[in-house]
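Every number in this text was worked out from the coordinates using simple rules, so none of it is lab data. Fair warning: this is a prediction, and the values are worked out from it, not measured in the lab. Every residue, glycine among them, receives a Cβ derived from its backbone with ideal geometry; neighbour counts consider all protein chains shown.
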Amino acid sequence: MAETEEKDQPVLEEEGDEEEPSLNYKPPAEKSINEILKTDEDDASLANYKKKLLGDAAEESNVIVFPENNSRVVLEALKLKIDSRKDVVVSLRGDLSKISKTPFIIKEGCKYRMEIEFYVQREIVSGLKYQQSIYRKNIRVDKGSYMVGSYAPSKDLISYKTPVEDAPSGMLARGSYMVNSKFVDDDNHEYLKWEWAFEIKKTWD
């Protein structure tokens, strides 16, 4: 069963590079699952709590979904979700260079959101974030950073949905847009970076 974690409001970044640190936040020191389980292991109640929290990861030394892939996060798919319309799905495990060549079509003024599906394997991932910058005619018109969360390894597919947004309306808003997206964690480990495109039209046709 897929796990879903949503935030009602995006955590927006100020103008500048995506890699710019926010305030004075320092991520906690990275620990492996085995290190976490061995800490205070003589405290039975705490040990049981950690095993319950970690789920499958506490029972196995490594939860591995894709043996050929050493990454902790494996992106599966990107979806465009619009009420009363069928989801548009793009695989993130194929040739990523082809994604931007088939733009999503979005009718002006409609409400839409993106959904990203992924797996976490091997070790815990802390502070996973989805970041994107939107360009029109090579000029950046918007950018944002969305906190996806922290996850223990699991064989279950995880799903994250961005907050609902209103597509811009009017003649000036119509046209083609390019999006640079990436998945990173607290330590700025970049798990995937890709480009995709969308086109705002007056009608769905």
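Residues within the reach of a label modelled at residue 171 (point 7 angstrom out along Cα to beta-carbon, backbone nitrogen below 20 Å), restricted to region 98-117, are 107-110.
If the chain linking residue 147 and residue 76 were pulled fully straight, counting 0.36 nm for each residue of separation and taking away their Cα-Cα distance, it would gain 23.7 nm. Need one number: the % of Cα-Cα pairs in region 85-205 sitting beyond the 23 Å mark. Tail of the P(r) past 23 Å holds 35 percent of the pairs.
In sequence order, region 168-176 has phi-based couplings of x, 10, x, 4, 5, 7, 5, x, 9 Hz under the Karplus curve 6.51 cos²θ - 1.76 cosθ + 1.60, θ = phi - 60°, and Gly or Pro positions carry x. Using the Cβ of residue 136 as centre and a radius below 11 Å, the other residues enclosed give a net charge of +1, where K and R count +1 and D and E count -1. Panel order for 196, 204, by other beta carbons found within 10 Å of each beta carbon, from fewest to most: 204, 196. Listed values for region 67-77 are Karplus-derived 3J(HN,Hα) couplings in whole Hz (6.51 cos²θ - 1.76 cosθ + 1.60, θ = phi - 60°), namely x, 7, 10, 7, 5, 6, 10, 10, 6, 9, 7, and x replaces Gly and Pro.
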